[in-house]
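Derivation of every value follows stated rules applied to the coordinates shown; laboratory data play no part. Keep in mind it's a predicted model, so treat the numbers as computed, not measured. In this analysis, Cβ positions are derived from the backbone assuming ideal geometry, glycine residues included, and neighbour counts consider all displayed protein chains.
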Amino acid sequence: MAVYAIGDIQGCWEPLQRLLARIAIDPGRDRLWLVGDLVNRGPASLEVLRWARGLGERAVVVLGNHDLHLIGRSLGATRPRASDTLDAVLAAPDRDELLAWLRARPLAHREGRFLMVHAGLLPGWTARDALEAARELEGVLRGPDPGVAELASRLHAREVPRPGAPLSGAQRRELALAALLRIRCLDARTGELVLGYKGPPEEAPDGLVAWYDAPTRRERDVTVVCGHWAALGLRIRPDLIATDTGCWMGRALTAVRLHDGAVFQVEAAP
Ligand SMILES: [Mn+2]
């Protein structure tokens, strides 16, 4: 059995078909890990969602920020954005089933030395801390709509509570949500999340550090499998497999076979 992690699909249904053909997956044995952001920006979110749901036990899907944005849109909790391409999902006859399925996805998933999240970890977290934080947020997502709407309404916050500060329960959840779904760089001095910088880590302004290179990073014995950071692109090293190669923006869609790091890639345009 092999596990293939696929980067942010974001509605890129046609490239996904070519990628799956390239992998030549064995449907009876192999499994897929999808790093989240199945939807939005690209043209065919509805097809991707139906496919992912149909995989059942053959796939593990963690939620990304665009997936939670869709959940928020469905509840009227997040405002439409000019770049949204979610109308077909929101108007679909099976929308309720798809959204219920999406709301039941995890925010973190661990097997052996691999820990999958959409964006990354707080440097101060162990793998266990990350999983505990994810479980708390998953409890909210599986609960009543008002709690989900409240959580989704914090998704686009420009600033979030500082790690290490004394936090209320709601603040702790807001910080965990930002880490798991949105983190890229931190202020190296204060540890605060800097959510506005989306460029390559090598070009980050002085004083910023990528979350995975923070000197305070505690968990170094797991390989974090993630996406979310298109400008970071594909990075494979013992403690990180980053898979977002910006398919919706015309670059590529990538899969990485976890046990040996083999890379499978297709261009966005055939
Ligand atoms: Mn993302």
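Quick look at the numbers
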item: Condition broken by GLY261, with the remaining ones in (1) loosely packed, with under 14 Cβ neighbours inside 10 Å; (2) under 11 Å from LEU19 (Cβ atoms); (3) not charged (D, E, K, R) satisfied; result: (2)
item: Condition check for GLU132: in contact (Cβ under 8 Å) with a residue 24 or more places away in the chain, surrounded by fewer than 20 Cβ atoms within 10 Å (Cβ to Cβ) and more than 29 Å from ALA44 (Cα to Cα); result: no
item: Selected residue [closer than 23 Å to ALA268 by Cα, surrounded by fewer than 21 Cβ atoms within 10 Å (Cβ to Cβ) and away from the ligand (no atom under 16 Å from the Cβ)] from ALA104, ALA92, ALA59, ALA100; result: ALA59
item: Strands (runs of 3 or more DSSP E) wholly inside the range 203-267 containing at least 3 residues that are within 15 Å of the chain's Cα centre (by Cα) and touching a residue at least 60 places away in the same chain (Cβ under 8 Å); result: 223-226, 252-257
item: Residue within the range 161-169 that is out of contact with any strand residue (DSSP E or B) (no Cβ under 7 Å at 6 or more places or on another chain), closer than 16 Å to GLY120 by Cβ and surrounded by 14 or more Cβ atoms within 10 Å (Cβ to Cβ) present; result: yes
item: Unmet requirement for LEU98, which otherwise passes all of (1) hydrophobic (A, V, I, L, M, F, W, C); (2) over 20 Å from the mean Cα position of the chain (by Cα); (3) part of a helix (DSSP H, G or I); result: (2)
item: Top-ranked residue of the range 228-250 - restricted to ones that are within 16 Å of the ligand (Cβ to nearest atom) and surrounded by fewer than 18 Cβ atoms within 10 Å (Cβ to Cβ), ranked as nearest to THR85 (Cα to Cα); result: MET249
item: Conditions (1) over 15 Å from the mean Cα position of the chain (by Cα); (2) surrounded by fewer than 16 Cβ atoms within 10 Å (Cβ to Cβ); number of the one not met by ALA127; result: (2)
item: Single match in SER74, SER45 (criterion: within 16 Å of the ligand (Cβ to nearest atom) and hydroxyl-bearing (Ser, Thr, Tyr)); result: SER45
item: Members of the range 110-141 that are within 16 Å of the ligand (Cβ to nearest atom) and out of contact with any helix residue (DSSP H, G or I) (no Cβ under 8 Å at 6 or more places or on another chain); result: MET116
